[in-house]
Amino acid sequence: MDKKIDKKFSCVIVPSLKTILKTKILFFQIPKRQRTTNIIPIIHLEVEFHFINKDNLRPLKIKQSDGLYLQHRPFMKLLKNAEIIYLPEKFREKILDISNMLKLYQINYEIEQFCRLCLLKNKVSMLDNKNAVFSYNEFLCPNCALDELINELKFLGFKPSKPFLDRMRNILLELKDVKKVLPILKPNFDAFKNPKLTFFDKIKVSTKKTGYLKVEDLNIPNEFIQVLRKSGYEELLPVQDLAIQNGLLEKKNLLIVSSTSSGKTLIGELAGVARIIRERKYKESNGCLIFLNPLKAMSNQQKLRFTERYSKLGINTAIKVGMSQINVKNEDLVIVDDDIKTADIITATYEAFDYLLRKGNIKNEIKQISTLVFDEFQMIGDEERGPILNGLISRIKILFPNVQLIGLSATIKNVNDVAKKFELLPIIYNERPVALERHLVLCKIENDKLFNLAKLIRGEYQNKSSFKFQGSSIIFTNSRIRSHLISNELSNKHGLHVVAYHAGLSYFQRKAIEFAYENGNYQAIITTYALGAGFDSPASQVIFESLFMGINAISPNEFHQMSGRAGRYKMHDMGKVILLAEIGKTLHVEKMSEDQIALYLLESQPEELDPIFEPDKIVGEVLASISSGLKKFHEIENFYDNIFNAEENLTIILEKLKSKKLIYKENEEFYASNLGKAIALSFFTPEEALLIIKELKSHLDPLKIAITSDYFENIYISEKIRNEMTKIYKTQIPTRFFSSTLIDFAELLKKHKKKAPSWLLDLVMNWYFHFFNCECEDRPYCECQFLKSNQKIVEFRFEGLSPMEISNKMEKEFGLTVYTGDIFRFLDNLIYKLNGIGMIADNIGLLEINEKISKLKRRIENPLEFK
């Protein structure tokens, strides 16, 4: 037996809990005096002792792990050859007889602390002040203490990931007590007071503190330098410095990928404004800077900022967003497009600028484009708007080959691939200008979330940064209705100054909230992920109250985009991101529970951008490219090569468009027919447009066609109805009006009228009378509810009601919540759709229908004119 051990070894003698007569001895190898944990023994013996007289203990049977028995002599030789024989401190009272036996044989021993649970598992873990963790009246090694914690977590249904467990292990080593960690699993755990227990990781600030270019040293006109310095810019931020080093001022085409608030917008300004001033000064040309955004509000913000900053240089900024001129009695902002023909800077939405391109004569409508900036470049991966942005970028590259293109994004993983596709130089800066701490708070029930929201918001508001800015919070949740529910709860029950903020509010409501928030009048705003990109106010803390967007889990890109809003350079010393995850909470469309989603997001990287677009949308972009002025086959082919995952043969697509009389070929050049151009300008796909033509020829109401082309779905049941139905059915009721589950409950109320109060029954019957009154076989689960509710809003508009008045009437007559901002955008979009349908009608000879559409548009814009 001893020949199998060719190195020095030690052993530990472990008596049975019941009797000293049954003992196991674990032989293990480790350098002398070195501490160890989780060592697997090289020899494991089970020894049965007996007393030869009252006090003298002797080995009787020595069983090896292979089942064979060892003789007394080799066994004693093993003990004598051991460098150190350990007796566990835990069994001090039981090992007296064994220690006496060892003394009799003149074998030295030491009493040492070992992890009892490891010994039970035939492992050896020695304990000391550094690694011993107290757990239920005894000290354990970190791994066994962690196992105790894991058992508690599993009992609650939480399945921890390895990074989470690594963090928990470190916390156990730091706190030295399992009971001090267990509070994270108990109701009313205070996350604000126990940040060590929720800490997940820290994204550190850039290690390079100085050495970036000074604004005064930039190779840009002096008057531009003075404007920037007056705006507070003295030194470039890291990503700005990288852009300069990589040819920003030498007209290089760049794709800038850096975190939110890292200074990307100024990069576009540095290139574009410097070029405008130089070209004007030396009369080289008469160029302009185009700034493209996904949202009208963002374009308007930029117009205001650029006007204030650059008008003193004689630079004229204009806006193009293509809004209709709806008379809304000053309830919302109607952005009037400027005359852009002589503008030096134009801020525009993707679609508004693309509309100019699709008209085919953009060179006559604006100055020569010198610099073009695409903000939120990752939107190219969006299912709905991605094809338009992809097509727009590809068209610009061919139509304006000398333009400097600059893409800006916070979240693209495969930057090099995307940059290569569009022939842009990738500039990647992954470090943050402000450090970011990330925390995970596990909640057993929904009330735990509200409890911690109140604690975290109040606690953060009391913090002041070294820059003298007060702490503030942005709370992301999964729906507009929930943002109001949370806001009301935190305001009424916890006395906090918070407010709901979302796209359903009017422009003026949102601006008032932004102004009050930035001036410290609100401790937090409660918003939805959908508005994340349009909200630019600084916050030191971002809290994810829900990890769902509607009924789907948020994506890694959305998570990293929203997380990046925590901590603003020269305002906050550090940003905090906190995820509140309810253990075991799932939605039927998701396989993972919310706590699993939290771990997945925290461990995730931004997703690769490799969208797959619907074939008909790609065909629509080919039509739009021809309408924009791409005539030669090689130009159209170059355009098509820049579309992501465009697999259909281009020649076949062109033949399809020709066969439908949307394009024609003349002298080896392609042109859009009048109908083809009308379809391109309408932004309908060819397939959608051909269906509209069929419906128009079938004398279908053009208003109905416009509504059904894109239903307005942001209609919710009121909080009063939801609370009453929850009380009746003892379950959570969906907030969306167009929910099959809600309709199920409404059907039950009709059958069991005694369960509901009369006011609720009246409202439900009103729903059926106005919205569920069709004769479809699958009523009330058909699409008629969408159509009829949309028509009701238009009907109220035709009566002369403003969006706010329509909202009030929907609430009063039907118990339905429809936000004023949503109503405004629905009406604006309806006019946009009607305009496209009118162009199509005009080009197929249906002039009377076009006149009817013109009247419909005027009635929506100014209904009082028809009174």
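Report yes if residue 343 is in the same structural domain as residue 274 (by the TED database), part of a loop (DSSP other than H, G, I, E, B) and modelled with pLDDT of 95 or more, otherwise no. Considered against the rule, which asks whether it is in the same structural domain as residue 274 (by the TED database), part of a loop (DSSP other than H, G, I, E, B) and modelled with pLDDT of 95 or more, residue 343 comes out as yes.
For segment 648-691, the set of residues classified as among the acidic types (Asp, Glu) and free of Cβ contacts under 8 Å to residues at least 24 places away in the same chain consists of 655, 666, listed by residue number.
Picking from residues in segment 277-302 that are aliphatic (A, V, I, L, M) and touching a strand residue (DSSP E or B) at 6+ places or on another chain (Cβ under 6 Å), the one that is surrounded by the most Cβ atoms within 10 Å (Cβ to Cβ) is 292. When segment 549-575 is limited to residues that are under 25 Å from residue 408 (Cβ atoms) and charged (D, E, K, R), the one that is surrounded by the most Cβ atoms within 10 Å (Cβ to Cβ) turns out to be 565.
Taking segment 698-733 as the range and being of a type in the set (D, E, K, R) and modelled with pLDDT under 95 as the test, the residues that pass are 710, 713, 719, 720, 722, 724, 727, 730.
Of everything listed in (1) more than 16 Å from residue 180 (Cβ to Cβ); (2) surrounded by fewer than 17 Cβ atoms within 10 Å (Cβ to Cβ), the single unmet condition for residue 138 is (1).
Just one of the listed residues (569, 522) is in contact with a His (Cβ under 7 Å, 6 or more places away or on another chain) and either more than 21 Å from residue 479 (Cβ to Cβ) or assigned to a loop (DSSP other than H, G, I, E, B) (or both), namely 522. Out of the residues in segment 734-766 that are closer than 13 Å to residue 780 by Cα and not in a helix (DSSP H, G or I), which is modelled with the lowest pLDDT? Ranking the qualifying residues of segment 734-766, first place goes to 739. Looking at segment 797-808, can you tell me whether even one residue there is more than 23 Å from residue 696 (Cβ to Cβ) and among the β-branched types (Val, Ile, Thr)? Yes: segment 797-808 contains one or more residues that are more than 23 Å from residue 696 (Cβ to Cβ) and among the β-branched types (Val, Ile, Thr).
In segment 400-413, the count of residues that are farther than 20 Å from residue 256 by Cα and either buried (at least 18 other Cβ atoms within 10 Å of the Cβ) or in contact (Cβ under 8 Å) with a residue 24 or more places away in the chain (or both) is one or more.
Looking across segment 632-670, the residues that are part of a strand (DSSP E or B) and in contact with a Gly (Cβ under 9 Å, 6 or more places away or on another chain) come down to 663, 664. Note on segment 251-307: residues that are over 21 Å from residue 511 (Cα atoms) and of a type in the set (Phe, Trp, Tyr) amount to 2. Within segment 304-340, can you find the residues that are assigned to a helix (DSSP H, G or I) and within 31 Å of the chain's Cα centre (by Cα)? Listed by number, the residues that qualify are 304, 305, 306. I'd like to check something: does segment 67-89 contain any residue that is under 30 Å from residue 201 (Cβ atoms) and crowded, with 19+ Cβ neighbours inside 10 Å? Within segment 67-89, not a single residue is under 30 Å from residue 201 (Cβ atoms) and crowded, with 19+ Cβ neighbours inside 10 Å.
Looking at residue 143, is it among the polar types (S, T, N, Q), in contact with a helix residue (DSSP H, G or I) (Cβ under 9 Å, 6 or more places away or on another chain) and crowded, with 18+ Cβ neighbours inside 10 Å? Yes, satisfied. Here are some conditions: (1) at pLDDT 90 or above; (2) closer than 19 Å to residue 376 by Cα. Residue 572 meets all but one. Which one does it not meet? So residue 572 meets the others, but not (2). Taking segment 777-800 as the range and being at pLDDT below 95, surrounded by 18 or more Cβ atoms within 10 Å (Cβ to Cβ) and more than 34 Å from the chain's Cα centre (by Cα) as the test, only 780 passes.
The values are calculated or read from the model by the stated rules, or taken from the named source; none is laboratory data. None of the values given here were measured: they were computed from a predicted structure. Methodologically, a virtual Cβ is constructed for each residue, glycine included, from the backbone with ideal geometry; neighbour enumeration extends over all protein chains shown.
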